[in-house]
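Structure first, then comments.
What follows draws every value from the coordinates through simple rules; no lab data is involved. Please read these numbers as outputs of a predicted model, since none were measured by experiment. Note: ideal-geometry Cβ built from the backbone for every residue, glycine included; neighbour counts use all protein chains shown.
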Amino acid sequence: VVGIFIYKTVKRKELYAIMVDSASTTATVMFITAAASLFAYILTRARIDAAISTGLNDITGGNFIIFLLIVNVVLLLAGCFLDSTSALFIFTPLFAPVAEAMGINMIHFGTIMIVNLAIGLITPPVGVNLYVACGIADIHLKTISRAVMPLIISSLAVLLLVTYIPALSMWLVPN
């Protein structure tokens, strides 16, 4: 409506193609979300989440520092290949019960997950934001991948700070 009547950049004949493209994009995202939700439901019903929780407790020995390190590594790897929504739907039911059992604040843990997955948005090979930047700047993925390396390194440093200094992510939350 804004494109047609205010900016006058969209012609009425283009509207059908725009709606089809929007529906296609929305359907893709919704399909991924539905599949990830189904996967999380199956994990919960089969009690695989409990087995993973027990396994994580056994591996970490109840040490939250090691647990958070494992979470960071898994989410960074997942962020390289999955979009953020799917990764959240898949990994939240697996990691959140363990984090809560270890006494980690859920807001802090959510912040850790989001920062991890945000780094994945700029990490090759599937970093969605890299492809957007390539399209806008009309450059190759290889070129931009080299250029974002300092940004990824600084983001990892911020991730470590947010992960191991909870006050950084909790200072706005009232006690």
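The chymotrypsin sites (Phe, Trp or Tyr not before Pro) found in the range 1-104 that occupy coil by DSSP, while having at most 16 further C-beta atoms within 10 Å, are Y7. For the range 117-138 versus the range 54-93, the spacing of their alpha-carbon centroids is 22 Å. For the chain, with a Gaussian network of springs between Cα atoms less than 10 Å apart, report the residue from T33, T143, T163 with the top mean-square fluctuation. Sorting by GNM fluctuation, first place goes to T143. Label-to-label distance, I65 versus I42, with points set 7 angstrom from Cα along the beta-carbon direction: 3.8 nm. Packing, taken as the mean count of other beta carbons within 10 Å per residue, orders the peptides 17-30, 111-124 from highest to lowest as 111-124, 17-30.
Entry note, the chain: relative contact order of 19 percent, from Cα contacts under 8 Å with a spacing of 6+ residues. Straight-line cross-link reach from K142 at under 21 Å between alpha-carbon atoms covers no lysines, not counting any fewer than eight positions away in the same chain. Normalised by the number of residues in the range 6-110, the mean separation of alpha-carbon contacts (under 8 Å, six or more apart) gives a relative contact order of 32 percent. Estimated from the Cβ-Cβ distance and a Förster radius of 41 angstrom, the FRET efficiency linking D138 and D58 is about 0.20.
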